[in-house]
Every structure is written in structure tokens, then in C-alpha cells.
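Here the structure is laid out as C-alpha cells; the discussion comes afterwards.
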Amino acid sequence: MSLLLVGANHKTAPVEFREKIALAKEEIPEVLSKMVATGPIREAMILSTCNRTEFLAEGEDIHGSLEVIREILASRTRVSTRDLDPYLYVLAGLDAVRHVFSVASSMDSMVVGEPQILGQVKEAYKISLQCRTAGPTINRLMHHAFRVSKRVRTETDIGRGAVSVAYAAVEMARHVFDTLGNKTALLVGAGEMIETAGLHLKQKGIAKTYVTNRTFWRAEALAKRLGGEALPFESLGNSLAMADMVLTCTGAPEPIITKEQVKAAMKARRNRPIFFIDIAVPRDVHPSVAELQNVFLYDLDDLQKVVDNNKAERIKELEKAGEIVAEEARKFSLWFSSLEAEPTIRELLEWAEEVRIKELRKTLKRLRGLDERELEAIDLMTKALIKKLFHRPIVKMKREGGRDGSASFIGLARELFGLDGRGSGR
Amino acid sequence: MDLGIVGLFLWKIVIICYAVVSTAIFLYLTREKLSNPDWSRLLVVGGFLVQSVLVVWLWIETGILPVGSLSKALRFFSWALAALYIFVLYRYRLSQLGLVLLPLATIMWALGGPMREAKASSPLLASPWLTVHGIFSFLGEATLVGAFGVSVLYLLQERRIRKRISPSFLARLPSLEVLDHITYKCMAWGFVLLTAGIVAGAIWANQAWGSYWTWQAKETWALATWLLYAGLLHQRVSSGWGGRKGALLLIVGFGFLLFTFIGAGFMGSGPHRFDRLQG
């Protein structure tokens, strides 16, 4: 029984690579079923956001599980498994647990402390529940992760200052615009990222907000929530001319904003600057747009750099959060080990109970004339004897059972007590 | 009256003030940790007051605006630049503009040399129109140099945004929007002042020689410069030639200004010619 996590994020891979391995929500169930189809993987979950794509697997054979995931990645990206490796991180056991907790606590986010990631993790877990690829380990791990995230949020200041990617975006916009009070923002997309960004811009006093989205009613709904106006997606080109700031985060596989469109928009708005923030992966705004005069384009990787500069102030909080995560990861692994020792302990106790009852009967046959109270006392005494005798070995097995190399404690117990030869083992 | 030793001393004071503040602004802009000290503002104002005393003294001594020779013109220009800088400092809080304007003011003041005793001058030059012409032309040109200076800041900031240079370098620059706006203001006001200067010059020329325009080298170049800025302004207002393009063109404009100011003073003949290098 072992946990494995394979992934790539904004720290290990450039946006081009992340675009390749990113999975749309609709694609995840298919890949999940592929993961568990071949054998070594018993439980699976996939988290795919703008910044990261991670595969979580639980199975007996770590190496086998890793191979399955690498094969899936290679076939999806059409990149050889060897070329994939530089961008991937592979974590096992306690490291994987720690990573999952860090991600859920927004410590690994591009904007450290941004709150959206928890929702995204929950969503990923929900998908794997629906696909029935989440088993006891992932269930327990996820619920624990949600608790850790809450603890980190309440016990550290990690979330302060960083509302979301929008925070970094507004910081950047400050270099271009003096005030947002007379600016117009165009939000392209209607997802959670866009909503958070829109709210943040509203807080910062943006004068007007337009929302456009392929599904118009979603644009309308979001525009209503933000006090803005929805625009038809078909007239995106014209809408650009009205916007000083354009934020995009759609699931489109190809760029939806081209250089020609922006060029025309710039002419229409007599060259007043436009600031594009493209938080979509794959990108929504073609990179060549940045070549135009008075057009500024930032993608997720650029925001990362902005965020890095504010990081120093948050390192202390990160350390605090790191301690919480480490502590919780230890707790989890304790449970995880005990999970491993569980069947053996149960068998051991069953066997002890059998012996006790057998011996008790033998003894009671000879001791006649005992009253109710005396019978109960003997019963209790034998029970206590077993409990006391097995207490230490059981604790030892629970604690050490799951660790690599010390799994032999369980084997040792089985051998010492002859559990495997009893024939009644599961 | 000869200012002599005192004049030399005051002249040096101005150089020191401006040089120190130039350095302070440079350090403030490039080192994230430093803050812009309050004394730098006092130092600029102090230097400017000393400059004003010297310029006004020379003006009173000779009875005409002290711009008639290269060194006088350089000093007067330096004074006009400092005046503009202080205005921008208090009006727009753009102390960063000192990065461009103060070194220029320092160099021009230093090249101009210390004040010497005044020479008697032609009564022809004592006309009030000439004074108006001089003041407006110099202030106009200084303001256009200001537009150039803000454009330089604009280009630095723009580069920083495009190249994603970490904020520690020139982090204190205002937003592009503000820089573009001040550029436009400087351009517009510089243009208006320059126009007024040229018109006053023409009126004076008519009074002195009975002709408004004589196509002297300086006049021709000033006209070219004026036309260039007229064009830039028009394009900015009508076609949105702001931003990077506008900033680059203002750097070209600065070339024109510099040539009109210094180069044309050595061409042809007439009252604009810097005959005496000392003075």
C-alpha cells in the first residue's frame, strides 16, 4: 500500500508544457479510468488547474503505478517518456502527503495564499468520487487535506494580501495605469478565476466591467453579480476597443484573441494602452499581440515573477504553514501505517480471543459453583490479560508497519503467532 | 559691481547642490531600500534661489536679459530647467524627472562658467519685447526639454514592463499613464511658450529692423523645431501618437532643440549669434 504523486506545475515546467498536459474537466474521467484499468493503481485522482496538473495514485507497486502514469502522459502529449521527466516531479509516501497538503493549503500556488486552489482540489476529489476511483486512502487523505488547509488559513497570515492571481494582475496594472477609477475591464470567460479577478478589480474601483463568454447566459449571470454588462462573444473583436484591461481565462484550446484583432482595436481606440492578462492555460491571447505598440501582455508565468517579488514578506508565514503541514502529514502517515497493520492486528486479536474463550471454557468446566459475579471477574481478568499483553506489539505495528523497510514488523508478527498457517486469515 | 570671489563661490554652490541631488535621485530610483530624502528637495530649491540671485544680478547689472552669449544662454537655460523641475516637483510630485533635468541643468550651468563683470550692451537690446522673447523662448525650450525628460522616464518604465525587469530597478517610476500625461502637458505648454517667444521675437525684430522675419539660421531652425512639435502635438491629439512612438519622437525633437539652441548660434549672423564665448 503506497501513495504516488506525479505532476508538473508552474515551478517545474514552462507554460507551453503545462498547456500540453493540462486536462479539461470533461477529459478527467476517461484518464482516471485508464489509470485504474491496468492493475497497479487501485485509487486515482487528477488535479488540473491553470498552474498544475497532478496525478495521485494509490497502489501496491509504486514503480508500476509510475509507469502507467508516464505512459498516459506520453501518449497524450506525444512526447517520449524520457523527455517528459525533466518537467515532472515524482513524490511517494510521506512526501506525496506533504505535497497534497501544501497544495490544498495554497502554499504551492503561484500566488501563495490564494483561496481558489482549495475549491479546485475539492472539485478534483469530487470527480474522482464520481468515477469511483477514490478509495479509503484518497478519501482520508482529502478530508485531512481540507482540514489542514483550514488550519493553515486560520493559524497563519498566508492568505493576507494575496486575494488571487487578480492581486498580482492589479499590481502589474499599476505600472501602466495611474488609477482604475476611469478604466474599463473586459473579462473573457466566466469561470471561478475570472469571477475572483472581477471582484478584486471591483474592489479596486474599476469604473466599468464587461463580461463576455461563449455561453452567453453565464456571462450575463457573472455580469449581474459584478454589476457589469455582458457582451456577445461573437463581437469580441469590437469589445476589445472598449477595454483598458482585458482578463482572459477560457478553456479554449487555441488563442481566441489574435494580433489582427488587437491591431484593429488599437486603431479604434486611438492607441490608448491595453493591458492584457492571460491567465488561461492554454493561452487565450496570441503571444504576438505583445509586439504591438501600447499593448502589454502578461501571462501566468509573468505574474509568477511579480508574485516572487512579494514572496520574501511571506516566507515567514510559509515556514509556519510548513510546520503545520509537516505535523499533519506525520499524523496522516501514522494512520496510514496503522491502516497497513490493521488486518494483521485484527487477525491477531481474533486468534487471541479464540484462545481465551477455549481456555476459559476448559477452566470453567473444572470450577463449578461460581456465582455470577465471580464468573464475570474471571472473564474480565482474561480479557485484560490479552489487552495488556498485546498492547505494545500492536502499537509498534501501527507505528512502524507502513514505513518502507520496517513492514517486516507485520510479517514478523504473522510468523511469530503463526497467523498465516491458521488458514482462517483473509 | 563685480561679484568676483562671491560669484565664483555661489556658482560652485549651485553645481554642488544639483550634482548631489542628481546623484540622490539616481540612487533613490535604482536602490529599492533608499527613500527620497527630504533634504534633496530643499537642496534643489536652495540651488535654484542662488541661481536666481546670480541671474537677476547679471540682468540688473547689464539692464538686459542675460542670454546674449553662449555662457549666459547656457546659464539662463540651466536656470529655466531648474525652474521647470521645481514646478513639476510641486505640481506633479514627479521628483524622478530630476534624473534627466538636473544633470542637464548642472552641466549647462558648469559649462556656462562663473559670472563675470558685465559688459555694456547695445540700447537696441533693452526693448521689453526682447525680454519677453527671451524669457518665453527659454522657458518654452526648457519645457520641451522637460517633455523629452519625461519621455525618457516613459521609455525606461515601458522597457521595465515589457522586459519584466524586477521592480528593484527603477521601481519608483510612476505609471505609464501619468508619464504620458505629463509628457503631453510639457509638450503643449512648451509649444505655447515657444510660440509666444517666437511671436515676441518677431515683434521686436519689426521694431528694431522693420522686418518680422529675416531667415537667420536660428530663426530657420527654430521654425523647423516649432513645426516639428506642432506636427507631434497634432498627431498626438488626432491619431493617438502617444506612448512609445510619441516618446521616441520627442527624443528626436530634443535633438532639434539642442541644435537650435547651440548649433544655430554659430551659424550665419545676427543677434542670435554667440559671438562672445565669455561673458
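Results for (1) part of a helix (DSSP H, G or I); (2) of a type in the set (Gly, Ala, Ser); (3) surrounded by fewer than 22 Cβ atoms within 10 Å (Cβ to Cβ), shown as yes or no for each residue.
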{"position": "B:Val53", "(1), (2), (3)": "yes, no, yes"}
{"position": "B:Trp57", "(1), (2), (3)": "yes, no, yes"}
{"position": "B:Val67", "(1), (2), (3)": "no, no, no"}
{"position": "B:Arg75", "(1), (2), (3)": "yes, no, no"}
{"position": "B:Tyr85", "(1), (2), (3)": "yes, no, no"}
{"position": "B:Tyr90", "(1), (2), (3)": "yes, no, yes"}
{"position": "B:Leu101", "(1), (2), (3)": "yes, no, no"}
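Of the residues in segment A:405-415, at least one is in a helix (DSSP H, G or I) and either of a type in the set (Lys, Arg) or at pLDDT 90 or above (or both). Candidates in segment A:325-341 are the residues that are farther than 20 Å from A:Val152 by Cβ and of a type in the set (A, V, I, L, M, F, W, C); of these, the one that is nearest to the chain's Cα centre (by Cα) is A:Phe336.
Quick grid of which residues meet (1) in a helix (DSSP H, G or I); (2) closer than 21 Å to B:Phe261 by Cβ; (3) away from every other protein chain (no Cβ under 14 Å):
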| residue | (1), (2), (3) |
| --- | --- |
| B:Gly134 | yes, yes, yes |
| B:Gly146 | yes, yes, yes |
| B:Leu153 | yes, no, no |
| B:Ile165 | no, no, no |
| B:Asp180 | yes, no, no |
| B:Cys186 | yes, yes, yes |
| B:Tyr212 | no, no, yes |
| B:Trp215 | no, yes, yes |
| B:Thr225 | yes, yes, yes |
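Out of all the residues in segment B:231-250, which are loosely packed, with under 14 Cβ neighbours inside 10 Å and away from chain A (no Cβ under 14 Å)? Matches in segment B:231-250: B:Gly231 only.
Residue count for segment A:200-229, restricted to those that are part of a strand (DSSP E or B) and under 32 Å from the mean Cα position of the chain (by Cα): 5. Any chance segment B:201-215 includes a residue that's buried (at least 20 other Cβ atoms within 10 Å of the Cβ) and under 22 Å from the mean Cα position of the chain (by Cα)? Within segment B:201-215, one or more residues are buried (at least 20 other Cβ atoms within 10 Å of the Cβ) and under 22 Å from the mean Cα position of the chain (by Cα). The residues on offer are A:Ala162, A:Ala185, A:Ala166, and the sole one that is under 26 Å from A:Lys305 (Cβ atoms), at pLDDT below 80, in contact with a strand residue (DSSP E or B) (Cβ under 9 Å, 6 or more places away or on another chain) and away from chain B (no Cβ under 14 Å) is A:Ala166. Taking segment A:230-245 as the search range and keeping residues that are over 18 Å from A:Phe275 (Cβ atoms) and not hydrophobic (A, V, I, L, M, F, W, C), which one is farthest from the chain's Cα centre (by Cα)? Among those residues, the one meeting the criterion is A:Asn238.
To keep it simple, each residue is scored yes or no on (1) outside any helix (DSSP H, G or I); (2) within 26 Å of A:Lys25 (Cβ to Cβ).
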{"residue": "A:Thr196", "(1), (2)": "no, yes"}
{"residue": "A:Leu236", "(1), (2)": "no, yes"}
{"residue": "A:Leu247", "(1), (2)": "yes, yes"}
{"residue": "A:Gly251", "(1), (2)": "yes, yes"}
{"residue": "A:Ala265", "(1), (2)": "no, no"}
{"residue": "A:Asn271", "(1), (2)": "yes, no"}
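The residues of segment A:128-148 that are assigned to a helix (DSSP H, G or I), over 14 Å from the mean Cα position of the chain (by Cα) and crowded, with 19+ Cβ neighbours inside 10 Å amount to a single one, A:Thr137.
Scanning segment A:111-133 for residues that are modelled with pLDDT of 90 or more and of a type in the set (Gly, Ala, Ser) gives A:Ala124, A:Ser128.
So which of B:Leu99, B:Leu70, B:Leu111, B:Leu74 ends up being among the aliphatic types (A, V, I, L, M) and under 30 Å from B:Arg244 (Cβ atoms)? So the residue among B:Leu99, B:Leu70, B:Leu111, B:Leu74 that is among the aliphatic types (A, V, I, L, M) and under 30 Å from B:Arg244 (Cβ atoms) is B:Leu99. Taking segment A:273-299, which residues are over 27 Å from B:His181 (Cβ atoms) and either in the same structural domain as A:Glu16 (by TED's automatic domain parsing) or in a helix (DSSP H, G or I) (or both)? A:Pro287, A:Ser288, listed by residue number. Filtering segment A:106-127 to residues that are among the charged types (D, E, K, R) and in a loop (DSSP other than H, G, I, E, B) leaves A:Asp108, A:Glu114. The condition (being without any contact (Cβ under 8 Å) to a residue 60 or more places away in the chain and within 28 Å of B:Thr183 (Cα to Cα)) is satisfied by just one residue among B:Val67, B:Val45: B:Val45. Selection within segment A:267-290: residues that are charged (D, E, K, R) and more than 10 Å from chain B (Cβ to nearest Cβ). The member of this set that is surrounded by the most Cβ atoms within 10 Å (Cβ to Cβ) is A:Asp278.
The values are calculated or read from the model by the stated rules, or taken from the named source; none is laboratory data. All values derive from a computational prediction rather than experimental measurement. Note that each Cβ is placed from the backbone with ideal geometry, even for glycine, and that neighbours are counted across all protein chains shown.
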